[in-house]
Amino acid sequence: HQLRGHGLAAELMKRAMDDARAEGVQVLPVCSYAVAFLRGTDAYDDVVAG
């Protein structure tokens with residue numbers, strides 16, 4: 001795939017988490033990518049539910 005390896009999924013996660021923080025909502029990650037992404041950083045601990 002042409003889009004693989006460009007960091008688009010990580011950028012999407014960052015923007016989604018920033019939006020969630022701005023809106024004051026909690027996120028419950030369920031897809032494997034989101035879970036792995038959020039395990040790799042503590043930057044969004046305040047936004048992750050649970």
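No value in this document is a laboratory result; all are computed from the given coordinates. What you see is a predicted model, and the numbers here were worked out from it, not measured in a lab. Here the Cβ is made from the backbone with ideal geometry for all residues, glycine too, and neighbour counts use every protein chain on show.
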Estimated distance in nm for a label pair at Gln2 and Asp42, the labels positioned 7 Å out from Cα along Cα-to-Cβ: 4.1 nm
Computed over the chain, Cα set: Rg, Dmax in Å: 11.3, 36
Estimated vicinal HN-Hα couplings, Hz - the range 15-21 in sequence order (Karplus 6.51, -1.76, 1.60; Gly, Pro = x): 5, 5, 5, 5, 5, 4, 4
Karplus (6.51, -1.76, 1.60) ³J(HN,Hα), θ = phi - 60°, over the range 34-50, in Hz, Gly and Pro reported as x: 4, 4, 5, 4, 6, 5, x, 8, 9, 5, 10, 4, 6, 9, 7, 6, x
J(HN,Hα) series, the range 7-14, from Karplus relation 6.51 cos²θ - 1.76 cosθ + 1.60, nearest Hz, glycine and proline x: x, 5, 5, 5, 5, 4, 4, 4
